[in-house]
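The values are calculated or read from the model by the stated rules, or taken from the named source; none is laboratory data. Everything numeric in this text was worked out from a predicted model, so none of it was measured. When we count neighbours, we look across all protein chains shown, and the Cβ atoms used for this are built from the backbone with ideal geometry, even at glycine. The protein model used for the area step is the full one, side chains on, heavy atoms only, and it has no ligands, DNA or RNA in it. Shrake-Rupley method; radii C 1.70, N 1.55, O 1.52, S 1.80 Å.
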Amino acid sequence: MSGESIADEALFAPAAARNGAAIVEVLRAVLPPGGTVLEVASGTGEHAVRFAAALPALTWQPSDPDRRGLGSIRAHARMAGLPNLLPPVALDACAKVWPVERADAVLCINMIHIAPWAATEGLLAGAGRLLPEGGPLVLYGPFRIGGAHTAESNARFDADLRMRDPEWGVRDLEAVLAAAAGHGLHLAERIAMPANNLSVVLRKA
């Protein structure tokens, strides 16, 4: 495959370029010093490349349920040529069985609000199965706190999401934490991020 055809497969998300640096700083603080990080819903693959380059002691396993997403991840990975970035796997968060048997950390960025609630439940169940004691599940995105949006822009975003698909929407953090507890995952840190987002760090009890 030529370099040009590889590049043609690569997709780009403006949000990935905007939030990558801030997320890297959180990951430096909360991820283990070594091991494998499973990224659920890697999307374009830009984050996976950026994080693998920034944290070379960790092995990065990107994943996505979408064929175009998997192609984009492979394209970005080929162009980056990083030894600690594994080929992507097809992974549907809702599936009862995942194609990964173990991970030292799980990362999910901007997924749970653009997917049905069943995907959040599947993500939490999968992380509960895979993670060792103390292993982190790191979530990033907008959340409601106490039933209220943290910014007017998030309220508008939520309304737009629900108009596009009634099963989508900005999630209540309390509902996510309650569901997580059922899989042995408990809140360790809640970190304010740019653009009215949060990084939510859950750890396996």
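Data for the structure
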quantity	calculated
Expected-Rg normalisation [2.2 N^0.38 Å, Cα atoms] applied to region 28-70	1.16
Size descriptor, Kirkwood hydrodynamic radius, that averages inverse alpha-carbon separations across region 128-175, Å	12.4
With Cα atoms, 0 to 90° folded angle of helix 152-164 axis to the chain main axis	70
Sorted largest first, extent of region 87-205 alpha carbons per principal axis (Å)	40, 28, 27
Directionally averaged shadow of region 29-116, computed from the convex hull of its alpha-carbon atoms, nm²	5.7
Global form of region 142-205, assessed from the alpha-carbon gyration tensor, a/c cut-off 1.5	oblate
Inter-label distance, nm, simple model (7 Å from Cα along the C-beta direction), Arg68/His186	4.3
Accessible area in square angstrom per residue, the chain, 1.4 angstrom probe	46
DSSP beta bridge pairing in the chain, given as percent antiparallel to the nearest 5	45
Lys, Arg +1 and Asp, Glu -1 on Cβ, resulting dipole of region 111-205 about Cα centre, debye, nearest 20	160
For the chain: relative contact order, % (alpha-carbon pairs under 8 angstrom, 6 or more apart)	19
Percent carbon-and-sulfur accessible area, the chain, ignoring ligands, DNA and RNA, probe 1.4 Å	56
Net charge of neighbours whose Cβ lies under 12 Å from the Cβ of Ala41, counting Lys and Arg as +1 and Asp and Glu as -1	-4
Calculated FRET value between Ala53 and Ala155, using beta carbons and R₀ = 30 Å, to 0.05	0.25
Inter-site label distance for Ala22 and Glu133 at 7 Å from Cα along Cβ, in nm	3.6
Estimated 222 nm signal from helices in the chain, with DSSP H stretches of n ≥ 4 weighted -39500 (n - 2.57), rounded to 500	-12500 deg cm²/dmol
Principal axis dimensions, the chain - Cα atoms, whole angstrom, descending	51, 38, 31
In degrees, nearest ten, helix 117-130 long axis to first principal axis of the chain (Cα)	70
Label-point separation, Leu82 to Val97 (7 Å along Cα→Cβ), nm	3.0
The chain - charge dipole about Cα centre, Lys and Arg +1 at Cβ, Asp and Glu -1, debye rounded to 20	220
Folded to 0 to 90 degrees: helix 14-30 orientation relative to the chain principal axis, Cα	80
Exposed-loop-free span, longest in the chain, where trypsin sites (Lys or Arg not before Pro) count as exposed if DSSP calls them loop and at most 12 other C-beta atoms lie within 10 Å	103-205
Region 1-99 - charge dipole about Cα centre, Lys and Arg +1 at Cβ, Asp and Glu -1, debye rounded to 20	160
